[in-house]
Amino acid sequence: MGGIPNDSVLSHEDWEDLVIAAESAGRQSARELAQRCTAWELGRTGQVWVQVQPADSPVASWLYSTGRSIRDDQGALVSISLSPHDFPSASAPVAKARSLLVRRAYAEAYCNVLIQEAGVIAEVLTLPDQAPPRDPETARRKEHP
């Protein structure tokens, strides 16, 4: 992209181009990781966000004003969710789209574009889902074969 300066006079299209580049980098990273990992590695699910700071930065303000984020105390909070359509040729695209590991890979690439091109602070926040409860009968069979 050649580096978008952190300047509030940029147009809507400039910020849109930045976010499109970040989303593209995120999808590419997510697809690459999903291809390399086993189903077991991708099995953990959870929620992922990108937090863009400072709150008064033009990028955070634009993300909030366009509905791409919510505002929190420190900046803009972009929820990362993927669609099975993001993995068109993959097996188990729904599982890959829900994977915490894959969402995190997407978010890290997204952050890197924002950091490099807009000079903002961006970090990945995660909240893993609870592990499913163990089936007592299955656990008993494993302990006493």
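The values are calculated or read from the model by the stated rules, or taken from the named source; none is laboratory data. Worth saying up front: this structure is predicted, and the values here are computed from it rather than measured. Note: ideal-geometry Cβ built from the backbone for every residue, glycine included; neighbour counts use all protein chains shown. Just the protein is used for accessible areas: all its heavy atoms, side chains included, with ligands, DNA and RNA removed. Shrake-Rupley method; radii C 1.70, N 1.55, O 1.52, S 1.80 Å.
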- Note on the structure: Expected output for the stretch 73-86 (first residue outside any strand (DSSP E or B), partner among the polar types (S, T, N, Q) and open to solvent by 80 Å² or more (accessible area, probe 1.4 Å), Cβ below 9 Å, 6+ apart or cross-chain) is SER81/GLN47
- Task: Go through the residues of the stretch 21-31 one by one and say whether even a single one is closer than 23 Å to GLN116 by Cα, of a type outside the set (A, V, I, L, M, F, W, C) and free of Cβ contacts under 8 Å to residues at least 24 places away in the same chain.
- Result: yes
- Note on the structure: Restricted to the stretch 100-120 and to residues being open to solvent by 30 Å² or more (accessible area, probe 1.4 Å) and in a helix (DSSP H, G or I), the residue farthest from VAL59 (Cα to Cα) is LEU101
- Message: Here's a check for you: in the stretch 60-92, which residue that is in contact with a Phe, Trp or Tyr (Cβ under 7 Å, 6 or more places away or on another chain) and open to solvent by less than 40 Å² (accessible area, probe 1.4 Å) is modelled with the lowest pLDDT?
- Response: TRP62
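Go through the stretch 27-54 and give me each residue that's among the hydrophobic types (A, V, I, L, M, F, W, C) and either open to solvent by 40 Å² or more (accessible area, probe 1.4 Å) or farther than 16 Å from ALA76 by Cα (or both).
Applying the first criterion (among the hydrophobic types (A, V, I, L, M, F, W, C)) to the stretch 27-54 yields 30, 33-34, 37, 39-40, 42, 48-50, 52.
Listed by number, the residues that qualify are ALA30, LEU33, ALA34, CYS37, ALA39, TRP40, LEU42, TRP49.
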